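The values are calculated or read from the model by the stated rules, or taken from the named source; none is laboratory data. Everything quoted here is computed from the prediction, not taken from an experiment. Glycine gets a Cβ as well: all are built from the backbone with ideal geometry, and neighbour counts include every protein chain shown. Surface accessibility is based on the protein's heavy atoms, side chains included, excluding ligands, DNA and RNA. Shrake-Rupley method; radii C 1.70, N 1.55, O 1.52, S 1.80 Å.
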Amino acid sequence: MTSARNIIATLSPLLACLGLLAVWQVVALWLDTESFPTAWHALQTVPQILGDPEQLLNILDSIRRMVIGFSLAVLISIPLGLAMGRSARVSAFFNPLLMMIYPVPKAALMPIIMLWLGVGDASKTLVIFLGVSLPVIYHSFQGAKAVEEKMLWSGAAMGLNGLQRMLRIVLPAALPEILTGCRTGLVLALITMVTSEMIARQSGAGNILFNAMDMAQYDTVFAMIIIIGALGIVLDAAFDKLRWRLVKWAEPHQEILLGAS
Amino acid sequence: MRDKVRKLSSPSERRSTGGRMQVPLRPEIDTGTGATSDERARAMIEIDRVSKRFETSGRKSHLALADINLTVNDGAFVSILGPSGCGKSTLLYIVGGFVAPSEGVARMKGAAITGPGPDRGPVFQEFALFPWKTVLGNVMYGLRQQGVKRTEAEAQSLRLIEMVGLKGFEHFYPKELSGGMKQRVAIARTLAYRPSVLLMDEPFGALDAHTRTRLQNDLLNIWERDRKTVLFVTHSVEEAVFLSDKVVVMTRAPGRIKEIVDIDLSRPRVRAELLLDSRYQKYVVDIERMIDDGRDDAEHP
Ligand SMILES: Nc1ncnc2c1ncn2[C@@H]1O[C@H](COP(=O)(O)OP(=O)(O)OP(=O)(O)O)[C@@H](O)[C@H]1O
Ligand SMILES: [Mg+2]
């Protein structure tokens, strides 16, 4: 019974992908225009791109920036969010700042950042950093705020000092919420990664994609979309697995919706 | 003497109960001047003219506790009874050092309480277990914090878990337990680090009658063995009389101490004998009447 369910659970994403590709194939054949290659063509181009050392290096460049931007953002945002959640003063200080940054699409800051930091890694990593930071700060903040006071009191009665309570009670208690923020952040990292490379075209997956677009190499365009999409799916699935391992003790709660930025 | 009683209850309250009070009344009032050095030495906790006012949303503030004076002797078992919202939990939090009084001072062994510490172990009404720790992890937490070695902490904790009847559930997470089971974990977690004062806020509230009786007996055994000082909040008059040396009856909000009743029943107490004991029955009836009187006062001022 459960094993049958498991098989369905693992197969259904695969089936969804196949279904999507099938629809794509049919629509592309039916439209029959140059700017919309068939799924089959696009898929065939994927190994060509990944097999080309120059292209592959470009893609790895993107991933490196994404990993660095994401990691830095998480390392800074979690402590900041937790501090904001537990201290009205810290929260009062940072809240207006975050409120101002929040609605601005991070890619829109790209031109200014490029002016300061150039078109290299620094600008793009910074944009990814900004994109990831906000959801992680927000969720860490919410998580820390929701920590039951009596839990902290219990810790205090056992002799935990303020810092210990932060690290050993607030952090684990808020972890489910923090990881929800990180998961949203991961998707946003991918999005900002591509958009930043679209604006500062110099290297990266976005660079390949938009250059191919300019040169009307539509097979490559769609192959890149497949590659980036697959990267997103794999990262998200891997992260969700990690999250589940870390917080299997938590009450099951709402699946997250992807926040756009 | 008159001076001492003044703090205890308002004149109208005294009139309604004072006339036919047959239970021995010995209000323990320590105004800071009257106590002899002998009484001082035995006092574990002194609550000295404590009031607590909460700033609530809206402009009005709420007086939760008004002028509480109470001395709890070393090794005494003291229960607090009173209507919901009268400030019982708040009083425990003040002794625990989690909440600061608005006026007055609470002392532990003569020193003013300024914050929480492992000498006072709270069992909260809301359990407040650590959800990311298993039953064993929760119970071990305090011992590990005090530097007890893992194997030793584990052995002690397993014994406590067995005592509260949760053998077999050591590796369950709190979300996998029922309310009553969580409550028992909370009790074990606090007992584990051996505080000299237990602050128990309706610790048996969520338990079925059978488990409740069993844990009452276990608590009495532990208490008779270790002679911890216990401050115990409950809504059950029987439970209070059965367990306590002294029962504190509070008035409805703002919470004041209405009566302090000494329970003069020999120990060790055996439930089956006590239930048939007319003195026990009388305590229960008298205290129930005191609580009812409070209700009449509110309805016919
Ligand atoms: N943090 C707070 N802020 C404002 N008011 C509070 C706060 N905590 C408690 N109160 C108020 O103080 C009063 C006493 O609360 P408390 O929890 O001590 O009552 P209690 O006697 O323990 O009640 P119960 O038997 O229902 O547990 C209540 O009227 C409550 O509304
Ligand atoms: Mg209460």
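The set of residues in region A:110-146 that are in a helix (DSSP H, G or I) and surrounded by fewer than 18 Cβ atoms within 10 Å (Cβ to Cβ) comprises A:P111, A:I112, A:L115, A:W116, A:L117, A:A122, A:Q142, A:K145.
Taking the criterion of being more than 15 Å from B:L243 (Cβ to Cβ) and either open to solvent by less than 20 Å² (accessible area, probe 1.4 Å) or in contact (Cβ under 8 Å) with a residue 24 or more places away in the chain (or both), the residues of region B:268-286 that qualify are B:K282, B:D286.
For region B:130-161, a residue qualifies if it is touching a Ser or Thr at 6+ places or on another chain (Cβ under 7 Å) and crowded, with 24+ Cβ neighbours inside 10 Å, and the qualifying residues are B:V139, B:M140.
Among the numbered conditions (1) away from ligand 2 (no atom under 16 Å from the Cβ); (2) more than 14 Å from the chain's Cα centre (by Cα); (3) not hydrophobic (A, V, I, L, M, F, W, C), the only one that B:G75 does not meet is (2).
Only residues that are closer than 24 Å to B:K149 by Cα and either of a type in the set (D, E, K, R) or part of a helix (DSSP H, G or I) (or both) were counted in region B:190-206, giving 4.
Open to solvent by 20 Å² or more (accessible area, probe 1.4 Å), at positive phi and not charged (D, E, K, R): which single residue out of A:A216, A:A230, A:A237 fits that description? Even if it seems obvious, please write down each step before you answer.
Details: A:A230 fails: at positive phi; A:A237 fails: at positive phi.
Step by step, each of A:A216, A:A230, A:A237 is checked, and only A:A216 is open to solvent by 20 Å² or more (accessible area, probe 1.4 Å), at positive phi and not charged (D, E, K, R).
Within region B:91-105, if we keep just the residues that are open to solvent by less than 30 Å² (accessible area, probe 1.4 Å) and more than 9 Å from every other protein chain (Cβ to nearest Cβ), the residue that is nearest to the chain's Cα centre (by Cα) turns out to be B:L92. Exactly one residue out of B:V78, B:V99, B:V72 is farther than 28 Å from A:V247 by Cβ, touching a Phe, Trp or Tyr at 6+ places or on another chain (Cβ under 8 Å) and not in a loop (DSSP other than H, G, I, E, B): that is B:V78. A count restricted to region B:206-226 and to residues that are surrounded by fewer than 16 Cβ atoms within 10 Å (Cβ to Cβ) and small (G, A, S) stands at 1.
Within region B:234-246, is even one residue at pLDDT 90 or above, within 16 Å of ligand 1 (Cβ to nearest atom) and within 14 Å of chain A (Cβ to nearest Cβ)? Give the steps one after another, and end with the answer.
Initially, region B:234-246 is screened for residues at pLDDT 90 or above, giving B:234-246.
Filter again for within 16 Å of ligand 1 (Cβ to nearest atom), leaving B:234-237, B:239-240.
Checking which are within 14 Å of chain A (Cβ to nearest Cβ) leaves us with none.
Taking every residue of region B:234-246 in turn, none turns out to be at pLDDT 90 or above, within 16 Å of ligand 1 (Cβ to nearest atom) and within 14 Å of chain A (Cβ to nearest Cβ).
The rows are residues; the columns are (1) within 12 Å of another protein chain (Cβ to nearest Cβ); (2) assigned to a helix (DSSP H, G or I).
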position	(1), (2)
B:R107	no, no
B:L136	no, yes
B:E154	no, yes
B:F172	yes, no
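Answer yes or no as to whether A:L188 is farther than 30 Å from B:R144 by Cα, out of contact with any Asp or Glu (no Cβ under 8 Å at 6 or more places or on another chain) and assigned by TED's automatic domain parsing to the domain that holds A:V67. Taking the combined requirement at face value, the residue satisfies it.
When B:V105, B:V123, B:V99 are checked against the criterion of being among the hydrophobic types (A, V, I, L, M, F, W, C), closer than 30 Å to B:E176 by Cα and either in contact with a helix residue (DSSP H, G or I) (Cβ under 7 Å, 6 or more places away or on another chain) or more than 16 Å from ligand 1 (Cβ to nearest atom) (or both), a single residue qualifies: B:V123.
Name the one entry in A:I68, A:I78, A:I8 that is assigned to a helix (DSSP H, G or I) and open to solvent by less than 50 Å² (accessible area, probe 1.4 Å). Quick ask: steps written out before the conclusion?
Values: A:I68 fails: open to solvent by less than 50 Å² (accessible area, probe 1.4 Å); A:I8 fails: open to solvent by less than 50 Å² (accessible area, probe 1.4 Å).
Checking each option against the conditions leaves just A:I78.
In this entry, B:A128 passes the filter for residues that are farther than 25 Å from B:K246 by Cβ, of a type in the set (G, A, S) and within 12 Å of chain A (Cβ to nearest Cβ).
Hey, does region B:70-80 have a residue that's among the aliphatic types (A, V, I, L, M), more than 16 Å from ligand 1 (Cβ to nearest atom), surrounded by 19 or more Cβ atoms within 10 Å (Cβ to Cβ) and more than 12 Å from every other protein chain (Cβ to nearest Cβ)? Checked against the condition, which is being among the aliphatic types (A, V, I, L, M), more than 16 Å from ligand 1 (Cβ to nearest atom), surrounded by 19 or more Cβ atoms within 10 Å (Cβ to Cβ) and more than 12 Å from every other protein chain (Cβ to nearest Cβ), region B:70-80 yields at least one hit.
Considered as a group, the residues in region B:198-256 that are away from ligand 2 (no atom under 16 Å from the Cβ) and hydroxyl-bearing (S, T, Y) include one that is farthest from B:S266 (Cα to Cα), and that residue is B:T211. A single member of A:A88, A:A144, A:A83, A:A108 is out of contact with any helix residue (DSSP H, G or I) (no Cβ under 7 Å at 6 or more places or on another chain) and over 21 Å from A:M198 (Cβ atoms), and it is A:A88.
The number of residues in region B:114-129 being crowded, with 22+ Cβ neighbours inside 10 Å and away from ligand 2 (no atom under 16 Å from the Cβ) comes to 4.
Okay, residues lined up against (1) touching an Asp or Glu at 6+ places or on another chain (Cβ under 9 Å); (2) of a type in the set (S, T, Y); (3) at pLDDT 95 or above:
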{"site": "A:Q25", "(1), (2), (3)": "no, no, no"}
{"site": "A:P37", "(1), (2), (3)": "yes, no, no"}
{"site": "A:L60", "(1), (2), (3)": "no, no, no"}
{"site": "A:V74", "(1), (2), (3)": "no, no, yes"}
{"site": "A:I101", "(1), (2), (3)": "no, no, no"}
{"site": "A:K106", "(1), (2), (3)": "no, no, no"}
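Taken together, the residues in region A:200-213 that are in contact (Cβ under 8 Å) with a residue 40 or more places away in the chain, crowded, with 19+ Cβ neighbours inside 10 Å and not hydroxyl-bearing (S, T, Y) amount to 6.
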